[in-house]
Structure formats: C-alpha cells, structure tokens
Amino acid sequence: MNRNQVGIVANGGTTGQTDFKAYGSNLVGISGCMVLLVDSGCAIVSVGFKRRVLCRGMMAMLFYDDTFWIEQSSRTFRCRYVALADDNVQEAIYKLTSPYFWDSLSENPLFLLNDRQQQLLNAWYEQMVWICHNSASEYTNQLLRNNIYNLFMAMDGEMTQGGMIDMKPISRSRKLIIKFLKLITLHCRKTREVSFYAEQLCITTTYLYKLTHKRWNLSPKELIDKQTICEIKSLLSNTDMSIKEIASTLHFEDTPYMCRYFRQRTGLSPTEYRERNI
C-alpha cells in the first residue's frame, strides 16, 4: 500500500473545517496533535490500521504517530479541526501522567459525545479559534499550550468517571511507564540520572530502556531531557527568573552548561527562546 504523507500541517496552531475529500485515500499528516469534531455525515476511517466509524456527534484525538486516513465518507461528512504543532503539545503530554488517559487514548482515539460534552467542546473549539486568529502573537503559543492541557485534563476526568469510554485493566509494563513519567515530572528539576528513576521503579536501567524504546522509540534519557526542556521553557516564558536562577532551580552545575544543554536540544539559547515567547 503506497500512500503519500500529506495533510494538515500546523504552524503553532490552526483551526478550520474540512471534509477530507481533497486527501483522497492518502494519509493525513499530523505534525503534533489534531482534534476532530464531526458536525455532519459519517465516514469509515483507518486509525492505527484499524477500521473505525466516525460520525456526527463524535470526536477524534490524533497524534503525530497515528496513521489516519479516510477510507470512504458520506456526501455530507464534515468536521471542524484544531491542529497543533508538536512544540505546543509536548508540555501537556509530559505534564499529564494519569494512569488511564494515555493507555485509553491509544486503545480508542474516537469518542461518542453526549450533549453536555458537545457543548463544552464547542466552547473549547471557539476559544481555540480566537487564540489562533485574534490573540496577540506573543501570547498565542502559551495560550494554545494551556488550552490543549485543559482539554487533556477534562478528558481524563470524563474517562475516570466513565463518561467517555469504559476503563480496562492496564499491563504492568504500561503502569511502569506511567509511573516513570510521573517520576520525571516530580524529580527532573533535581536529578536527570536514569539510574535514579530505575531504582525508584525497582527495575534495571536496561529494562527501563526496553520499555521506553518499545513505546516511543526513545531512550529514558531522551524522555527526561524532553521534560527538563519543558520545565526550562515554562520558567523562561512564565516567570521573571534570570537564566542563572533557572539553572540553579533545575540543579545544573552552572549556567553555561544549562545554556549549552538547552541550545543542543532546541537550537536556541535560553535568552533567544525567552525573547521569542514573551
């Protein structure tokens, strides 16, 4: 099956309406995260190479590693979308470490909404439209990050209460991954040694590597670094702390080392990032 990778590419964040007819049977490229709200009609879609039905009153939550295309759709199929660049979803992804959310979302990224949920999501969508098209440019990315995180938390609450999907038992390996992510969130400001996290989980560093590599094709150290970069970005964007103070707060051995660490992973110095995001 030879399908080209085409689709909506988000530059920060975009919103709009689509029937996906222009994509034919091609994969819809997702650069970070895409939320679909179906307003009319019905479609047979493929998500993760599984055929699913996507109809009016449903929502889809798709990420950069999802394979998604429309196999066939009714004449009236149409949906609204919010597409976010990877930078604007990473912080929310690493902050939310619910024991059910990501496992459930991976199992079933499509949701049938009740009337209350539709009303709430309609309001959320209108907020995203305003942020993308009317907010002051220097605040747009932070507002997008806050709003997608709010959506994740709301969905997690609905899932936990059984309002969106039925909860299923999760595997031991998945529980370990969830606990690892939570530990990173709690401790990455103080320590970034993989051995520390493996000890907290009562497993070897080799086994931890196998778990994260199988799930994300990333090493534990890469995940720790991603969360650390999110922490630095948050402090740069949301506080008046000096670069030296941030380095001290995150327990870097000195300020120049943190600056090199940040530039190697973002292509920008902390000062350059702050100037672009304040």
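Counting only helices (runs of 4 or more DSSP H) that sit wholly inside the range 73-158, those with at least 3 residues that are of a type outside the set (A, V, I, L, M, F, W, C) and at pLDDT 90 or above are 115-134. So, in the range 130-150, how many residues would count as being loosely packed, with under 14 Cβ neighbours inside 10 Å and in contact (Cβ under 8 Å) with a residue 40 or more places away in the chain? Of the residues in that region, 2 qualify. Listed here are the helices (runs of 4 or more DSSP H) enclosed by the range 221-278 that have at least 1 residues being out of contact with any helix residue (DSSP H, G or I) (no Cβ under 9 Å at 6 or more places or on another chain) and surrounded by fewer than 17 Cβ atoms within 10 Å (Cβ to Cβ): 255-266, 270-277.
The values are calculated or read from the model by the stated rules, or taken from the named source; none is laboratory data. As the structure is a prediction and not an experimental result, all values here were calculated from the model. Positions of Cβ are backbone-derived with ideal geometry, glycine not excepted, and every protein chain shown enters the neighbour counts.
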